[in-house]
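**Student:** Handing you a structure now.
The values are calculated or read from the model by the stated rules, or taken from the named source; none is laboratory data. Because the structure is predicted, anything quoted here is derived from the model rather than measured. Every residue, glycine among them, receives a Cβ derived from its backbone with ideal geometry; neighbour counts consider all protein chains shown. In case anyone asks, the SASA skips ligands and DNA or RNA and just uses the protein heavy atoms, side chains included. Shrake-Rupley method; radii C 1.70, N 1.55, O 1.52, S 1.80 Å.
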Amino acid sequence: MSLTVQPAWFRGVTARAAGAIGRLISSVWETSRARRSRPLLYIAVGAVAGAAVLLMVSSLLGAAVETWSRGDVQLRARIVLLSARDQIEQLARDPSPEAATKLQALFTRLITDERLQAVGICDPDGKMRTATDTMPARLLCASIRRSKAETTVPIRIDSQDLLVSAFPLAEGKEGHVVIVHDLTYAKARSDHAQTFIMVTTIIAALLASGAVAVAMLMLVRNWRAALRATLDDLRAGRLEGAGPVTTLPAELREALDQYDLVRRTIDGIHIDWTPDTLQRALGSELPGAEVLVVSNREPYIHNHTDAGITVQLPASGLVSAIEPVIRACGGTWIAHGSGSADRDSVDAADRIAVPPDAPSYTLRRIWLTDEEQDGYYYGFANEGMWPLCHIAFVRPTFREADWRYYREVNQKFADAVVREAKTHDPIVLVQDYHFALLPRMVRKHLPKATIITFWHIPWPNAETFGICPWKEEIIEGLLGSSILGFHTNFHCNNFFETIDRFVESRIDRERRSITLGGQETMVRAYPISIEWPPSALAGQAPVPACRAAVRQRFGLGEGVRVGIGIERFDYTKGILDRLHGVDVLLSRHPEWRGAVTFIQAAAPTRSKIASYRALQDEAVALAEEINNRYRTPDWQPLILSIRHHQPPEVFELFRAADFCVVSSLHDGMNLVAKEFVAARDDERGVLVLSTFAGASRELAEALIVNPYHAHDMAEAIHRALMMPVDEQEARMRQMRALVRTRNVYRWAGQMLLDAAQLRRREGIERLAAANLPAVPRLLGRRLA
Ligand code: G6P
């Protein structure tokens, strides 16, 4: 007889399952690593974990059912014995053959119960005396003869699972009654229970997850549609109406943010963008790609000064956005060398490694003659395109000679791009309205380049753009780009409308693309932003110290509240309008006389142009006139600081301010608004923001104003000055969260990821074209 401890089947199944699960996990891990598809891995691990839990629960349940069945069998054996014990004992003591025959007959009657297999008597000397024919021959009495108490053991004989109960007669002195039960039914019961629990759990899980998925889908769809419509209405309202101080209620803003979060999670995986993320995205999505940036303004200007050669960081939203990006990606930045010491700082190939303190990319300088500078930069770009694209009611001027220089300088920069490129398919990031013709010029020599052009200023409606005498050339030049980016969808739509009106091309609004002469350009909105955390914040003193420093520098009294405005002296910024706003504030709310001073820091810019000089003169005269009206011996309402301010100085002013005014008459985005928010890590201060700046689409917790309405501006400033601290904090916290996540790395990252997708598609199209000439366009459309 062989005695085997049960249940062997359980150990077998568990071992097999563990092996299979191990193999499955390692194969999914490998696949997900190879394809970088972490979501697939998470789903697979979830599924495996779920299956393992299910297997475990059902096994435990099966084992419990089996134990319970055995207890049941044991109880039956006892009942059987009790019902016939007296008779058995009596017949067992009788040594006559008749008694043995009766005992045999009694045992045979007892085993009519289907689960009872055999009954017999073991002698005290370990031999089977009387037993039913069904008693297994290999069951040995020897192992039970010494037991004085009732025992039950599971045994396996000839692959049959049995339960043997032995009941001592006269404490074993007269032998043992042995009752053998067939355990097959107990196992069958446990298997049934296991199968049942597995099937019902799987069906219930499928039904539940199906129902939840359908409900979620419907909920999210309705929610998204409703919020999108609300958002559009609100935005449209602000664009057209621009009534008095308008700001979104906090609850709605919160809901919109949640919507944005869900949209980010639904539309794609939410990514926290940092220089590191950007580098990794570039490395994985565009491996080995060479990055070239082209802009007019250079990131570092070397000047001769009394203190020797000094480095200036220009006041340019474009530069402050692109610089952290190229620092993260590396590459070459091609720009006009405009500093008086620029030529003395470069090598023989006109290159210099920058940033000066920790070089991470190359700046390649291009030299322009005075004539080129006048025609291309001051003339066509800043007297033509700038006022054309900004609706600030300064008339654009178009001169034939300026246009010629614009074309020539675009060609000069395009040639430099081609020369600097070390690969046949670099990524060229073209910046702004100075280089509308360059994308097509570069495309001619580097047909496989991925050219991403970003237009940092607004794009006007078709009617306004129609003023430009060379509109077709400008458009055709831009449509040499692979991707053309604007800050907002509003500007993208204006661009589509302009193309529709002026050139023969294929516009695909579904794909948001335009095809001209076989070249397809994707037109997308990428709202620009700032680096986070901003480097100018590093090393800043705490806010009270900044306030004290600024008060001392400008001679402000202790209790005087401080407002700040910082930008280039540009007519699009609404500087005169905010001075008028302060004037109206002091006349409508005389309580602020002697109690608030507005500091306007403005960097002189494009001073060769008459409209810029006129603005500066007018601003100085207006400030003087307002000051004369209100000034007291120890106070004046307005202070103008007309010079270039380096970023740490700008951030100190931001931190010292009770409120900041950004009153652009028209602006693509306006990064000053975002920088003010970034500078306020104390979560205090109020932003007064023009509805005509792209930033107002994102920074809805600012006090949104119409800068053309002086009364509206005055009331917004009054409200800012009166705003309780908890409201300031709530608004600032919300805006900081937005700028932190929608930072400049996300801006660049989204463009580069779109470029990567485009490259992959072009690769497939080329492959298809090589294999089957008729297929590529169709395939291209399918892959979109
Ligand atoms: C705007 C333009 C930039 C320009 C900046 C400063 O932000 O979009 O291209 O660099 O103004 O102007 P400036 O003419 O001095 O470069």
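**Student:** Name the pairs: first residue in segment 308-337 and closer than 16 Å to ALA536 by Cβ, second residue charged (D, E, K, R) and open to solvent by 10 Å² or more (accessible area, probe 1.4 Å), Cβ to Cβ under 7 Å, at least 6 apart or on different chains?
**Tutor:** Correct list of pairs: PRO314/ARG297; ALA315/ARG568; SER316/ARG297; VAL319/ARG297; PRO324/GLU531.
**Student:** What are the residues in segment 155-168 that are crowded, with 19+ Cβ neighbours inside 10 Å and in contact (Cβ under 8 Å) with a residue 60 or more places away in the chain, if any?
**Tutor:** ILE155, ASP161, LEU163, SER165, PHE167
**Student:** When segment 410-433 is examined, which residues are found to be more than 16 Å from the ligand (Cβ to nearest atom) and outside any helix (DSSP H, G or I)? Outline the logic, then answer.
**Tutor:** Within segment 410-433, the subset more than 16 Å from the ligand (Cβ to nearest atom) is 411-412, 414-428.
Residues satisfying the conditions are ALA421, LYS422, THR423, HIS424, ASP425, PRO426, ILE427, VAL428.
**Student:** Return the residues of segment 434-457 that are open to solvent by 20 Å² or more (accessible area, probe 1.4 Å) and within 16 Å of the ligand (Cβ to nearest atom); say none if nothing qualifies.
**Tutor:** Matches in segment 434-457: HIS456 only.
**Student:** Let me ask you something else. Determine the pairs where a residue that is more than 19 Å from ILE452 (Cα to Cα), located within segment 735-750, has a partner that is open to solvent by less than 30 Å² (accessible area, probe 1.4 Å) and part of a helix (DSSP H, G or I) with Cβ atoms under 6 Å apart, the partner being 6 or more residues away or on another chain.
**Tutor:** Close Cβ pairs satisfying both conditions: MET735/VAL677; ARG736/VAL677; VAL739/LYS674; VAL739/VAL677; VAL739/ALA678.
**Student:** What are the pairs with Cβ atoms under 8 angstrom where one residue, in segment 538-553, is in the same structural domain as SER641 (by TED's automatic domain parsing) and the other, located anywhere, is exposed (fewer than 14 other Cβ atoms within 10 Å of the Cβ) and among the hydrophobic types (A, V, I, L, M, F, W, C)? Sequence gap at least six, or different chains.
**Tutor:** ALA549/ALA541
**Student:** Among the residues of segment 556-568, is there at least one that is touching a Pro at 6+ places or on another chain (Cβ under 9 Å), of a type outside the set (Lys, Arg) and either under 30 Å from PRO396 (Cβ atoms) or open to solvent by 10 Å² or more (accessible area, probe 1.4 Å) (or both)? Can you show your working first?
**Tutor:** Of segment 556-568, the ones touching a Pro at 6+ places or on another chain (Cβ under 9 Å) are 568.
In the following step, the residues that additionally are of a type outside the set (Lys, Arg) were identified as none.
No, that holds for no residue.
**Student:** To continue, here is another question. Pairs under 6 Å by beta carbon, first residue without any contact (Cβ under 8 Å) to a residue 60 or more places away in the chain in segment 411-435, partner within 16 Å of the ligand (Cβ to nearest atom) and assigned to a loop (DSSP other than H, G, I, E, B), six or more apart or different chains?
**Tutor:** Listed pairs, sorted by first residue: TYR433/ILE457.
**Student:** Which count do you get for residues in segment 109-128 that are without any contact (Cβ under 8 Å) to a residue 12 or more places away in the chain and either under 15 Å from LEU81 (Cβ atoms) or open to solvent by less than 60 Å² (accessible area, probe 1.4 Å) (or both)?
**Tutor:** Total satisfying the criteria: 1.
**Student:** Just one of (1) over 24 Å from GLN312 (Cβ atoms); (2) open to solvent by 10 Å² or more (accessible area, probe 1.4 Å) trips up LEU671, so point out which.
**Tutor:** For LEU671, the exception is condition (1).
**Student:** Looking at segment 554-601, which of its residues are in contact with a Leu (Cβ under 7 Å, 6 or more places away or on another chain), within 16 Å of the ligand (Cβ to nearest atom), touching a residue at least 60 places away in the same chain (Cβ under 8 Å) and not in a helix (DSSP H, G or I)?
**Tutor:** ILE566, PHE569, GLY574
**Student:** Name the pairs whose Cβ atoms lie under 6 Å apart, with the first residue in segment 518-537 and more than 23 Å from ARG697 (Cβ to Cβ), the second of a type outside the set (Val, Ile, Thr) and open to solvent by 20 Å² or more (accessible area, probe 1.4 Å), and 6 or more positions between them or separate chains?
**Tutor:** Sorted first by the residue in segment 518-537, then by its partner, the pairs are ALA536/PRO647; ALA536/PRO648.
**Student:** Mind counting the residues in segment 129-154 that are crowded, with 20+ Cβ neighbours inside 10 Å and touching a Ser or Thr at 6+ places or on another chain (Cβ under 7 Å)? Step through it out loud before you land on a result.
**Tutor:** Step one: filter segment 129-154 for residues crowded, with 20+ Cβ neighbours inside 10 Å, giving 130-131, 139, 141, 144.
Retained after the next criterion (residues that are touching a Ser or Thr at 6+ places or on another chain (Cβ under 7 Å)): 144.
So the answer is 1.
**Student:** Where in segment 444-545 are there helices (runs of 4 or more DSSP H), lying fully within it, with 3 or more residues that are within 31 Å of the chain's Cα centre (by Cα)?
**Tutor:** 489-502
**Student:** Got a sec? Which strands (runs of 3 or more DSSP E) wholly within segment 307-409 have at least 1 residues that are surrounded by fewer than 23 Cβ atoms within 10 Å (Cβ to Cβ) and over 41 Å from the mean Cα position of the chain (by Cα)?
**Tutor:** Fully inside segment 307-409 and qualifying: 308-312.
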